[in-house]
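**Student:** Would you mind keeping the following structure in view while I ask a few things?
The values are calculated or read from the model by the stated rules, or taken from the named source; none is laboratory data. Not measured: the values here are computed from a predicted model. Cβ placement follows ideal geometry from the backbone for every residue including glycine, while neighbour counts extend to all protein chains displayed. Only protein heavy atoms, including side chains, enter the accessible area calculation; ligands, DNA and RNA are left aside. Shrake-Rupley method; radii C 1.70, N 1.55, O 1.52, S 1.80 Å.
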Amino acid sequence: MKSENIRKGLSKNEAVLLSELAEEGKKVVSIKEIIEKTGSKTKGYLAASRLARKLWLTRAAKGVYIITPLEAGKTARWTENEYVIASKLASPYYIGFSNALNFYGFTEQIPAGVTICTTTSKKMKSINGVKYYFVGLNKRKFFGLNKIKIAGTEINISDKEKTLVDCLDHPEYCGTIFETAKAVLKAKNEISWMKLAEYAKKSKNKAVFK
């Protein structure tokens with residue numbers, strides 16, 4: 001086994017940093033959070049770089065790192081839950097469309113990746129074999145969020161009614177309009193039709209009502 005593929009030991013400061021992040025339940029961390037912990041931009045970037053070389057951090061995207069836990073072993077083969085990773089890739093954000101349909105049990109289709117709704121335009125990213133798609137929404141459409149816990153991390157996901165309205169608004173992100181229609185039928189006894197109508201009105205898309 002090549003030495004560069006074996007996780008290296010930690011300095012005292014590095015051990016303290018990882019311990020503090022672990023105490024806070026962090027699974028994925030941003031460079032901003034590392035800088036806040038180390039006290040300066042220079043120290044933050046240096047710590048992130050060294051921990052990545054030592055295989056205690058894995059760079060997921062620009063300024064975003066997956067913390068490799070002890071149970072990953074000396075070769076540090078590990079990937080975090082895709083929704084936990086997604087929570088650090090955009091701000092503001094929420095998990096939506098086919099992923100939300102699947103989460104609520106409104107579809108049997110398995111999403112091909114993770115669809116992240118945000119207010120800016122971002123390119124698709126592929127991290128550890130998982131594709132992350134970004135859908136830029138107008139700020140007035142950024143509502144109807146639900147908070148769930150996955151692997152100890154709080155994740156934003158569209159609530160049931162917003163999920164259906166989003167899919168009616170943009171069926172191309174959840175398969176087809178027929179898949180959305182089937183989801184509405186499955187969800188009919190689990191949603192508030194009053195809230196659904198309110199959300200549809202806020203979307204300002206006549207196609208949603210049709």
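**Student:** Quick check on segment 90-100. Is at least one of its residues at pLDDT below 90, in a loop (DSSP other than H, G, I, E, B) and open to solvent by 60 Å² or more (accessible area, probe 1.4 Å)?
**Tutor:** No: segment 90-100 contains no residue that is at pLDDT below 90, in a loop (DSSP other than H, G, I, E, B) and open to solvent by 60 Å² or more (accessible area, probe 1.4 Å).
**Student:** Continuing with this model, one more query. So, in segment 179-210, exactly how many residues are assigned to a helix (DSSP H, G or I), more than 25 Å from PHE134 (Cβ to Cβ) and open to solvent by 60 Å² or more (accessible area, probe 1.4 Å)?
**Tutor:** Residues flagged as assigned to a helix (DSSP H, G or I), more than 25 Å from PHE134 (Cβ to Cβ) and open to solvent by 60 Å² or more (accessible area, probe 1.4 Å) within segment 179-210 amount to 10.
**Student:** Let me ask you something else. Given segment 124-168, what strands (runs of 3 or more DSSP E) lie entirely inside it while holding 1 or more residues that are more than 27 Å from GLY25 (Cα to Cα)?
**Tutor:** The strands (runs of 3 or more DSSP E) meeting that bar are 130-136.
**Student:** Another question, if that's okay. Can you pull out the residues in segment 101-112 that are surrounded by 16 or more Cβ atoms within 10 Å (Cβ to Cβ), under 15 Å from the mean Cα position of the chain (by Cα) and in a loop (DSSP other than H, G, I, E, B)?
**Tutor:** If the condition is that a residue be surrounded by 16 or more Cβ atoms within 10 Å (Cβ to Cβ), under 15 Å from the mean Cα position of the chain (by Cα) and in a loop (DSSP other than H, G, I, E, B), then PRO111 is the only one that fits.
**Student:** Filter segment 113-135 down to the residues that are surrounded by 12 or more Cβ atoms within 10 Å (Cβ to Cβ) and either among the small types (Gly, Ala, Ser) or in contact with a Gly (Cβ under 9 Å, 6 or more places away or on another chain) (or both) and list them by number.
**Tutor:** Scanning segment 113-135 gives GLY113, THR115, ILE116, CYS117, THR118, THR119, LYS122, VAL130, LYS131, TYR132, TYR133, VAL135.
**Student:** Further question: Please state which of the following conditions ALA200 fails to meet, knowing it meets all the rest: (1) under 30 Å from GLU23 (Cα atoms); (2) among the small types (Gly, Ala, Ser); (3) out of contact with any Gly (no Cβ under 8 Å at 6 or more places or on another chain).
**Tutor:** Only one criterion is unmet by ALA200, namely (1).
**Student:** Output the residue which, of all residues in segment 21-72 that are hydroxyl-bearing (Ser, Thr, Tyr) and over 29 Å from MET124 (Cβ atoms), is surrounded by the most Cβ atoms within 10 Å (Cβ to Cβ).
**Tutor:** THR38
**Student:** Separate question: Look at LYS139 and say whether it is touching a Ser or Thr at 6+ places or on another chain (Cβ under 8 Å), open to solvent by 30 Å² or more (accessible area, probe 1.4 Å) and of a type in the set (D, E, K, R).
**Tutor:** yes
**Student:** Give me the pairs, please: first residue somewhere in segment 67-87 and within 18 Å of ALA22 (Cβ to Cβ) and of a type outside the set (Lys, Arg), second residue anywhere and modelled with pLDDT under 65 and in a loop (DSSP other than H, G, I, E, B), beta-carbon distance under 6 Å, and either six or more positions apart or on two chains.
**Tutor:** THR68/ALA76; THR68/TRP78; ALA72/TRP78
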